[in-house]
Amino acid sequence: AQSVAQPEDQVNVAEGNPLTVKCTYSVSGNPYLFWYVQYPNRGLQFLLKYITGDNLVKGSYGFEAEFNKSQTSFHLKKPSALVSDSALYFCADRGRAAGNKLTFGGGTRVLVKP
Amino acid sequence: EPEVTQTPSHQVTQMGQEVILRCVPISNHLYFYWYRQILGQKVEFLVSFYNNEISEKSEIFDDQFSVERPDGSNFTLKIRSTKLEDSAMYFCASNVGTGELFFGEGSRLTVL
């Protein structure tokens, strides 16, 4: 079975400081992992994905994520957070076959304070 | 940039009424999905649709729910007899099969 978990309901960080949003996975075979962001009253926006290859994946808005097989993690990172990064972040996984659904973690609310 | 569009953005209905939520997926996409999110919480999968039939559905997607692609562009979610607990944001998504899903802005359903 595929699943992802986000251990933190909320992360608070000061503007300019590094931001990390944690995600762990438990999947059989090779995971296919994603990060999405949801701004208030908006839909889900794709940030980045890991399929295979380089463990460090770069995405939109200056975000990146590191795939760590030994720790079964796929943490989202940003070197310097902005107040505008305040949002709800979702980690997700899906099977590799065409049309497979995304299964989301519980979400982590990020609050960046000025 | 192509996007998934959803209507209405907000619908208020009485319990027991039928509701139809509409989606226009990105034009060259082949796979379509509905998800729901209750009060900014977890995003839950409802159903996936390909080649004019349901590919997969969750336990939430019971007999009160149905999906349809009535023409070449629209993808609809129907709730036959709404319940209070159906109040949620409903998101439509589409993709070409592999890769990321593209989501619409959502339809907020309020059941009174």
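All of the numbers you see were taken from the coordinates with simple rules; none came from a lab. Quick caveat, the model's predicted, so the values are computed rather than measured. Virtual Cβ from ideal backbone geometry, glycine too; neighbours counted across all protein chains shown.
Can you give the longest stretch of chain A with no exposed loop site, where a site means trypsin sites (Lys or Arg not before Pro) in a DSSP loop (not H, G, I, E or B) with at most 12 other C-beta atoms within 10 Å?
Numbers: sites that count: A:Lys69, A:Arg96.
Free of exposed loop sites, the longest segment is A:1-68.
Please rank A:Asp93, B:Asp71, B:Asp86, fewest neighbouring Cβ atoms within 10 Å first, as an exposure proxy.
B:Asp71, B:Asp86, A:Asp93
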Diffusion constant of the stretch B:1-104 at 10 °C, which comes from Stokes-Einstein with the Kirkwood Cα-pair radius and 1.306 mPa s, µm²/s: 114 µm²/s
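Return the Rg/Rh ratio of the stretch A:4-113 with Cα-based radii and a Kirkwood Rh. List each step's numbers first, then the result.
Working: Rg = 13.3 Å, Rh = 14.0 Å.
That ratio equals 0.95.
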Residue among A:Ser26, A:Ser73, A:Ser86 with the largest mean-square fluctuation in a Gaussian network model of chain A, springs linking Cα atoms under 10 Å: A:Ser26
Alpha carbon centroid spacing (whole Å) that separates the stretch B:43-95 from the stretch A:1-28: 28 Å
Net charge dipole size for chain A [Lys, Arg +1 and Asp, Glu -1 on Cβ; Debye, nearest 20]: 240 debye
